[in-house]
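Enquirer: A single structure is presented below for examination.
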Amino acid sequence: MRDEIRFLLGDEERRISDIDPTMTVLNYLRREERLTGTKEGCAEGDCGACTVVLGELSDGAMRYRAVNACIQFLPTLNGKQLLTVEHLKAADGAPHPVQTAMVEAHGSQCGFCTPGFVMSMVALQAEGGAMDRGRIDDALAGNLCRCTGYGPIIEAARKMGPSQALKGGPLDRDSIAERLAAIGPDGALALVSDGTRYFAPTSIDDLSQLLGDYPEACLLAGATDVGLWVTKQHRRLDPVIYLGAIDDLKRLTITNGELEIGAGVTYEDALEAIAEHAPDLGELIRRIGSRQIRNAGTIGGNIANGSPIGDMPPALIALDARLVLRRGENSREIPLEDFFIAYGKQDLEPGEFVEKVRVPLSQAGRLRCYKISKRFDQDITAVLGAFNLSVTNGRLQSARICFGGMAATPKRARACEAALIGKPWNEITLAAARDALTEEFQPISDMRASADYRLSVARNLLTKAFIETTQAETQTRLIGPGALALDSADGGTRV
Amino acid sequence: MFEAQTFTSARIQGGVREKLPHDSGAKHVTGEAFYIDDIVEPLGCLHVVAAKSTIAHGRIIKLNVSQAREAPGVACVLTATDIPGQNDVSPTGTNDDPCLADGVVHFQGQPLFAVAAETIEQARAAIGLAEVEIEPLDAILTIEDALAKKSFVLDPHTMRRGEPDSALETAPKRLKGRIEIGGQDHFYLEGQVSLAIPGEDGDVLVHCSTQHPSEVQHNVAKVLGRPDNAVTVEVRRMGGGFGGKETQASQWAALAALAAVKTGRAAKMRLDRDDDMIMTGKRHDFLADYDVGFGEDGVIQGLAIDMAARCGFSADLSGAIVDRAMFHADNCYYLDNVEITAHRCRTNTVSNTAFRGFGGPQGMVVIERVIEAIARALGLDPLEVRRRNLYGGPGRDVTPYHMTVEDNVADQLIDELSASARYVERRAEIETFNAKSLILKRGIALTPVKFGISFTTTFLNQAGALIHVYTDGSVHLNHGGTEMGQGLFIKVAQVVAEEFQIDLDRIKISATNTGKVPNTSATAASSGSDMNGMAALAAARTIRERLVAFAARRFGVAESDVTFRANRVRAGDHELSFAELVKLAYLDRVQLSATGFYRTPKIQYDRETASGRPFYYFAYGAAVTEVAIDTLTGESKVLAVDILHDVGKSLNPVIDLGQVEGGFIQGMGWLTTEELFWNNEGRLATHAPSTYKIPTCGDRPEHFTVTLWERGENVEETIHRSKAVGEPPLMLAISVPHAISDAISSLSGGRLLANLDMPATPERVLAAVEDTRARESTT
């Protein structure tokens, strides 16, 4: 087990041991390395001005992901390459094609968000393939620009061209891959510095043992929430146990019609497999956070966090998902919905952790999810409705319905389900089931929505599910697959 | 000794009207452009953090900071009693903006004291060690409450023309209504930041992210109790401003300067995003009532508007901001008999401030709502009612403030845009769609903009510039305007390049600095290029005239025979490079440095009688927006936008285009997703991007057409006949909520006005949908 962090900053190796393990990558860059191209816009992973790219070895080749430097802790760079806007120029000083495209398209005005956009675009470019608007929006939803209105940036993304193979320097995939292999992958790590203990185990057994030793430890996965405890609440975390070095937690498998998602699987890594089986759940994941957040955040974290407005639990509960919990040598499996006991309280013993979630796929195709928020992309949900309805010969055979944002936990709509099951799927049943929702939910008012709106929209989402399951020809979606589109959506002109 | 330069191009590189990228573009994309927080910190630089009040209104019973003073890393703690000068950073002499709370707190988030420490973390930790007790007092939080209690920061003000009372009485039709309009956070990506470096004699240099270096200078000097000449303020660029760094930068500059002067060490104060959103002012939210009388043809015969703005705890710029709302309550429409009254409400919330449009957008939202109300009542297309009420020619060309509109082009823009955007055909398509679509409804709206250009406070319409020509022919350009991303610096540089007929790369753009050009006005009111361009032109012309006189003398020709061509100067039969001429002039002891000054002509305004000519000219534009709404959830999506905007003869069309489309999207955010939410204790709950939602990439519709009006030309003698472009396009986005309300009205066959307040969040849209359905079922 190492006691120092090793990573590549561009193409320079760094070995660091005497640093607060909860120092953010952004503060490290700006304060320790004086690389000031990466900016702080919000310190909560929402604006993207701090976007950097992480290079990692994946099956021997380089894989690049954009993340928010402002909420990632420095030790999570272990075994990786950190690329910032300063690393993009060619050896002769020539700008990177993404940088050139941005200048030529007039993609910067005040320029403060620009390095973050450039890094997101570099990561998008590295994925390859044709750049359509949907891909561009998804890659850039986590980068806020207040000046341009995005048009020139979209144009730059369309014109940036494919990623080019480079020889030498931080962007030379082959040589960097060799260097990372030499440094060693994200191996076991134990740091004690500045009064904070930080552990990065590499196996589930080691994790289990560490948690036995430190049952109060803060578990760190994508840092998309834990990072904010440091940057926003200014809390000191100790000890911290990082889950990202445990390969066994990152497995996503499908066996016998069941999807098994390790607690360390990121949203982005799960997106494609889930979208294939449950299109609506795929669209829901696409709208969780931003690309940077989905590259870091995990489905396990979204569950274990216990938030009443996490997006995954309602959808997974509607699919009758089960949770595998581990403590020491022992595992237990519970229905996901039983995990959420009350606000801030989950069915989790000291030293116990979420190991994986099991999702039956047989009903996944019919799942309907509706996420309601003020903004379509990268917003926290006001109300999430997940509907798993089985209709045969016009009659509801089964119904599992779960809401987020309607109670202190993700909550099944049991009275509503009871009003549906066995009934003919018509407007009379719908009206009764809508009334049941009014009876069983007492949502709160806050800055995202009022209680009245939450209840109205929850009832209306049931109506939407009714229309979608009974009148397939009716258009009901503003975004996502099958959304209303104009024939004139031609890109427009700017002259 | 002269460089043998050969210039082949007949035209310089980088003159006016060229489509040049932002001068810092290449540095933006590489991260090499320095913002204040990127400047190398002097050794031992301190970091300043302010403690915030958790009470909206109260008396400070106890403030004991002794433990904070002893905390690790702390260099000094600043309270109101530590201020050597005046504890005030108010911009207009109202003396109601304490730098640090003294005795009474006026809003949640008001700075109580500040800590300067080695690190920002140490400063934050020390803040928690202070003992603070505040006895709560009754807090006024809303406009309604302030109106009921007559709590105002300034007196109400009225504009009046004609006989509105009798016109309302006699009009064939009469309608009354109310609209609520939310505020808006600037959400510049770079938060407020100042770095103060102490000098000798108690002087201080402040690097400050501000649109108004002169005012920051004055306020820092005032707080320090020093003359203005002890303080120098510099800003190379801001990471966005939008009005939020006009008056709101002073407080942090003053606290940093105070810490620097007290400790003899450099001190930086950078607000993190939450502090920035909690502690600095925003766009004013408004409540407006209207009472309109009109004919069967939809032409307005009489109108009374009563507006109230939430100003927060102090006046700040609310006087002029609310005035501008009144000045724009006509938008493009002739109002024969009109009375516009506005109240400036004092509330226990952060003091609201300038924001792109400066009250104008709120005034325009009101009149556009009036227009739509008339259209719905008469069963007319709102565009038709707009057309019938436009300003037009003698008899229909005087504003509510008695200024004659001489440059109206709104009618032409509307005609061209409605044709190019196929307004009529699309409305028909939408009606067909809506008839068949159960859940999703589409809507369309065309709204015009007429925006008055000039500071309505007449004396502010002045600007200065300073130009040096060095002996190698390179030029140093400085002026009082500040660069916040809008492209002011490149535009002014293009003006100077054109005047000297030299390539743009010979001109060095330099940071705005109060030591170079003094007593400047804020870079605000869209006036940056108009005024600083003219001032720089004047400075360049002075030097050019000296060069012409010298060349005539040197080569024995008439001055009229001296001509400047691309990088060359010809004097009779002699031709030499600009650099060569400059060198010769230097040797002949010709002064190669000059200041330039500009004062906007023709304007005057008497606020007592609310009459005069506050604006040099008007900027115009129009937009067509199409949306779809989900009648089950209230969600909406902008499907298509078509814009035609008049920037006169553009100094730089790509820069102007960026202002137009960027302004539109910012306005769209204000009117749709950007909701500021205060709880009932006056706490702002939306103080970070996780909860406050500005538009993202995906919110820009795929069909987005922006056209700069080809026929545009300023009738006034502005800089190269261009028009101001900073603010006007924001108001093109008023077409967005009108397209939404059009979609909602479709539920009533277009007969009922949607009672839609701003911003049109899903919640407000759904409420308006349900309200429209309820009214429809009872009629």
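Enquirer: Ignoring any ligand, DNA or RNA, what whole percent of the accessible area of the protein assembly as shown comes from carbon and sulfur when the probe is 1.4 angstrom? Before the final figure, lay out each step's value.
Expert: Values: 20610 of 42720 Å².
Result for the protein assembly as shown: 48 percent of the exposed heavy-atom area is carbon or sulfur.
Enquirer: Just which residues of region B:150-190 lose 50 Å² or more accessible area with every protein chain there, against their chain alone, with the probe set to 1.4 Å?
Expert: Residues passing the criterion (a loss of at least 50 Å², heavy atoms only) are B:L189.
Enquirer: Expressed as a whole percent, how much of the Cα-Cα distance distribution for region A:97-159 exceeds 16 Å?
Expert: Numbers: 641 of 1953 pairs.
Considering region A:97-159, 33 percent of its Cα-Cα pairs are separated by more than 16 Å.
Enquirer: Still on this structure, please answer the following. Work out the length of the dipole vector of region B:312-377 about its Cα centre, built from +1 on the beta-carbon of each Lys and Arg and -1 on the beta-carbon of each Asp and Glu, and round it to the nearest 20 debye.
Expert: Values: 6 positive and 7 negative charges, 54 e Å.
Using only the charged Cβ atoms, the result is roughly 260 debye.
Enquirer: Now for a separate question. Taking the Cα centre of the protein assembly as shown as the origin and placing charges on Cβ (Lys, Arg +1; Asp, Glu -1), which of B:I305, B:V706, B:G612 is farthest toward the positive end of the dipole?
Expert: With unit charges placed on the Cβ atoms, the residue in question is B:G612.
Enquirer: With r defined as the distance between the Cβ atoms of A:I428 and B:E776 and R0 fixed at 22 Å, what FRET efficiency is calculated, to the nearest 0.05? Please report the intermediate quantities before stating the final value.
Expert: Values: r = 24 Å, r/R0 = 1.07.
In this case the efficiency is close to 0.40.
Enquirer: Oh, and also: What's the total accessible area buried between chains B and A, using a 1.4 Å probe, rounded to the nearest 100 Å²? All intermediate terms of the calculation are to be shown ahead of the outcome.
Expert: Working: alone 28440 and 21600 Å², together 42720 Å².
In total, chains B and A hide about 7300 Å² from solvent.
Enquirer: Follow-up question, since we're still on this one. Within a 10 angstrom radius of each residue's Cβ in B:759-769, how many Cβ atoms of other chains show up on average? Whole number is fine.
Expert: Working: counts 1, 0, 7, 9, 11, 1, 0, 7, 4, 0, 1.
Partner-chain Cβ atoms within 10 Å, mean over residues of B:759-769: 4.
Enquirer: Something else now. Do any residues of region B:666-689 show a loss of at least 40 square angstrom of accessible area between the isolated chain and the full protein assembly, using a 1.4 Å probe, and if so which?
Expert: B:T673, B:F677, B:P689
Enquirer: Tally Lys/Arg at +1 and Asp/Glu at -1 over every other residue whose Cβ is under 13 Å from the Cβ of B:V322; what's the total? Working shown, then result.
Expert: Values: positive: B:R283, B:R310, B:R324, B:R344, B:R346, B:R607; negative: B:D155, B:D285, B:D306, B:D316, B:D323.
The answer is +1.
Enquirer: Mind checking the mean number of beta-carbon atoms from other chains within 10 Å of the Cβ atoms in B:19-26?
Expert: Numbers: counts 1, 1, 7, 7, 0, 6, 11, 6.
Mean shielding count: 5.
Enquirer: OK, next. Roughly how many debye, to the nearest 20, is the charge dipole of the protein assembly as shown about its Cα centre, given +1 on each Lys and Arg Cβ, -1 on each Asp and Glu Cβ, and no other charges? Before the final figure, lay out each step's value.
Expert: Values: 132 positive and 168 negative charges, 190 e Å.
Value, rounded to 20: 920 debye.
Enquirer: How many partner chain Cβ atoms sit within 10 Å of a residue's Cβ in peptide A:88-95, on average, as a whole number?
Expert: Details: counts 3, 2, 0, 0, 0, 1, 0, 3.
That works out to 1 on average.
Enquirer: Convex hull volume of the Cα atoms in region B:510-646, per residue, in Å³? Don't skip to the answer; put the middle values down first.
Expert: Values: hull volume 34.7 nm³, N = 137.
Once divided by residue count, the hull of region B:510-646 is 253 Å³.
Enquirer: What order, most packed first, do the peptides B:562-572, B:202-212 have when packing is the mean number of other Cβ atoms within 10 Å of each residue? Walk me through the numbers on the way to the answer.
Expert: On the way: B:562-572: 18.9, B:202-212: 25.5.
Going from most to least packed, we get B:202-212, B:562-572.
Enquirer: OK, next. Evaluate the distance, in nm, between pseudo-label points positioned 7 Å from the Cα of B:E713 and of A:A61 along their respective Cα→Cβ axes.
Expert: 6.0 nm
Enquirer: Right, something else. Given axes a ≥ b ≥ c from the Cα gyration tensor, I'd like to know whether region A:256-412 is rounded (a/c under 1.5), prolate (a/b larger than b/c) or oblate. Mind dumping the intermediate values first?
Expert: Values: a/c = 1.37, a/b = 1.18, b/c = 1.16.
Here region A:256-412 falls in the rounded category.
Enquirer: Which semi-axis lengths, in whole Å and largest first, follow from the square roots of five times the eigenvalues of the Cα gyration tensor of chain A?
Expert: Details: eigenvalues 300, 170, 73 Å².
Working through the eigenvalues yields semi-axes of 39, 29, 19 Å.
Enquirer: So which aspartates and glutamates pass the test for A:K250, namely a Cα distance under 17 Å, with those fewer than 8 places away in the same chain ruled out?
Expert: A:E56, A:D59, A:D186, A:D205, A:D206, A:E258, A:E260, A:E268, A:D269, A:E272, A:E355
Enquirer: Just read off the accessible area of B:E169 with the full protein assembly in place, 1.4 Å probe, to the nearest 10 Å².
Expert: Around 130 Å² of this residue is reachable by solvent.
Enquirer: Still on this model: I'd like the distance separating the alpha-carbon centroids of region A:1-69 and region B:390-453, in whole Å.
Expert: Result: 51 Å between the Cα centres.
Enquirer: Here's a follow-up. Could you pull out the trypsin sites (Lys or Arg not before Pro) across region B:57-158 that fall in loop regions by DSSP (anything but H, G, I, E, B) with no more than 13 other Cβ atoms inside 10 Å? Please report the intermediate quantities before stating the final value.
Expert: Numbers: sites: B:R59, B:K62, B:R69, B:R124, B:K149, B:K150; in loops: B:K149, B:K150.
Sites meeting the loop and neighbour criteria: B:K149, B:K150.
Enquirer: Order the peptides A:328-338, B:713-723 from the highest to the lowest mean number of other Cβ atoms within 10 Å of their residues. All intermediate terms of the calculation are to be shown ahead of the outcome.
Expert: Numbers: A:328-338: 13.7, B:713-723: 20.2.
Most protected by this proxy first, the peptides run B:713-723, A:328-338.
Enquirer: A further question on this structure: Under 1.5 on a/c is rounded, so check that first for region B:585-668, then, if it is not, pick prolate when a/b is larger than b/c and oblate when it is not; a ≥ b ≥ c are the square roots of the alpha carbon gyration tensor eigenvalues. Intermediate results must be reported in sequence, preceding the final value.
Expert: Working: a/c = 3.89, a/b = 1.82, b/c = 2.14.
Oblate shape, in that a/c is at least 1.5 and b/c is the bigger or equal ratio.
Enquirer: A follow-up question, please. Might you report the magnitude of the Cβ-based charge dipole of chain B about its Cα centre, with Lys and Arg at +1 and Asp and Glu at -1, to the nearest 20 debye? List each step's numbers first, then the result.
Expert: Numbers: 77 positive and 102 negative charges, 170 e Å.
The calculated dipole for chain B is roughly 820 debye.
Enquirer: Tell me the accessible surface of A:D247 in square angstrom (1.4 angstrom probe, heavy atoms of protein chains only), to the nearest ten.
Expert: Answer for A:D247: close to 90 Å² accessible.
Enquirer: Could I have the simple spin-label model distance between B:D201 and B:E431, label points 7 Å from Cα toward Cβ, reported in nm to one decimal?
Expert: Once both label points are built, they end up 7.6 nm from each other.
Enquirer: If I histogram all Cα-Cα distances within region A:42-191 using bins 10 Å wide from 0, what percent of pairs lands in each bin?
Expert: 11, 40, 35, 12, 2
Enquirer: Find, among the trypsin sites (Lys or Arg not before Pro) in region A:1-50, those assigned to loop by DSSP (not H, G, I, E, B) with at most 14 other beta-carbon atoms within 10 angstrom. Intermediate values should be presented prior to the final figure.
Expert: Values: sites: A:R2, A:R6, A:R14, A:R15, A:R30, A:R31, A:R34, A:K39; in loops: A:R34, A:K39.
Passing both the DSSP loop test and the Cβ count: A:R34.
Enquirer: Among A:M312, B:G682, B:S318, whose Cα sits farthest toward the positive end of the charge dipole of the protein assembly as shown (+1 at Cβ of Lys/Arg, -1 at Cβ of Asp/Glu, about the Cα centre)?
Expert: The one lying farthest along the dipole's positive direction is B:S318.
Enquirer: Would you list the P(r) distribution for chain B, with all Cα-Cα distances sorted into 10 Å bins from 0 and each bin expressed as a whole %?
Expert: For chain B, the binned pair fractions read 3, 14, 22, 24, 19, 12, 5, 1, 0, 0 percent.
Enquirer: Something else now. Just check the protein assembly as shown against the gyration tensor rule for me: Cα atoms, a ≥ b ≥ c as the square roots of the eigenvalues, rounded for a/c under 1.5, and otherwise prolate or oblate depending on whether a/b exceeds b/c. Intermediate results must be reported in sequence, preceding the final value.
Expert: On the way: a/c = 1.55, a/b = 1.20, b/c = 1.30.
It comes out oblate by the Cα gyration axes.
Enquirer: Right, another one. Which value, in Å², gives the accessible area per residue of region B:101-188 when a 1.4 Å probe is used on the protein heavy atoms?
Expert: That works out to 46 Å² for each residue.
Enquirer: Could you state the number of Å between the C-alpha centres of region A:198-271 and region B:466-508?
Expert: First find each Cα centre; the distance between them is then 55 Å.
Enquirer: Just want the answer: with Cβ charges of +1 for Lys and Arg and -1 for Asp and Glu, which residue in B:G162, B:L581, B:F327 is farthest toward the dipole's positive end in the protein assembly as shown?
Expert: Comparing the listed Cα positions along the dipole, B:G162 ranks first.
Enquirer: Let me ask another. Relative contact order for region A:369-490 using alpha-carbon pairs under 8 Å, separation at least 6, rounded to a whole percent?
Expert: Details: 183 pairs, mean separation 22.2, N = 122.
With pairs under 8 Å counted, the relative contact order is 18 percent.
Enquirer: Then there's this: What nm value, rounded to one decimal, do you get for the distance between A:R366 and A:A342 when each label is placed 7 Å out toward the C-beta?
Expert: 3.7 nm
Enquirer: Ok, one more. What do you reckon, how do B:W252, A:W229 stack up by accessible area (1.4 Å probe), largest on top?
Expert: Values: B:W252 0, A:W229 65 Å².
Largest accessible area first, the list is A:W229, B:W252.
Enquirer: How high is the FRET efficiency from A:A90 to A:Q397, r the C-beta distance, R0 60 Å, rounded to 0.05?
Expert: Details: r = 62 Å, r/R0 = 1.04.
Step by step, r from the Cβ atoms, then E = 0.45.
Enquirer: Count charges around A:M131 for me, please; just the other residues with Cβ under 13 Å from its Cβ, Lys/Arg as +1, Asp/Glu as -1.
Expert: Working: positive: A:R133, A:R135, A:R158, A:K159; negative: A:E127, A:D132, A:D137, A:D138, A:E155.
Cβ neighbours under 13 Å give a net charge of -1.
Enquirer: Please check region A:469-483 for residues whose accessible area, probe 1.4 Å, is lower by 50 Å² or more when all protein chains are in place than in their chain alone.
Expert: In region A:469-483, residues shielded by partner chains: A:Q475, A:L478.
Enquirer: Using a 1.4 Å probe, what is the accessible area per residue for region A:369-490, in Å²?
Expert: Values: 4560 Å² over 122 residues.
For region A:369-490, the per-residue accessible area is 37 Å².
Enquirer: For chain B, what does -39500 (n - 2.57) per DSSP helix run (n ≥ 4), summed and divided by total residues, give at 222 nm, in deg cm²/dmol to the nearest 500? Could the numbers behind the result be given before it?
Expert: Numbers: 19 runs with 222 residues, N = 779.
Dividing the helical sum by the residues of chain B leaves -9000 deg cm²/dmol.
Enquirer: So if R0 is 25 Å, what FRET efficiency would B:N519 and B:H157 give, r being the distance between their Cβ atoms, rounded to the nearest 0.05? It would help to have the intermediate numbers written out before the result.
Expert: Working: r = 28 Å, r/R0 = 1.11.
Taking R0 as 25 Å, the efficiency between B:N519 and B:H157 is 0.35.
Enquirer: Continuing with the same structure: Could you compute how fast region A:380-475 diffuses translationally, taking Rh as the Kirkwood radius over C-alpha pairs and applying Stokes-Einstein at 4 °C with viscosity 1.567 mPa s? Give it in µm² per second. Write out the running numbers ahead of the final one.
Expert: Details: Rh = 13.4 Å.
After rounding, the answer is 96 µm²/s.
The values are calculated or read from the model by the stated rules, or taken from the named source; none is laboratory data. Model, not experiment: these values are computed from the prediction. All Cβ positions, even for glycine, are placed from backbone atoms using ideal geometry, and neighbour counts span all protein chains on display. When the accessible area is computed, the model is the full protein with side chains, heavy atoms only, and any ligands, DNA or RNA have been set aside. Shrake-Rupley method; radii C 1.70, N 1.55, O 1.52, S 1.80 Å.
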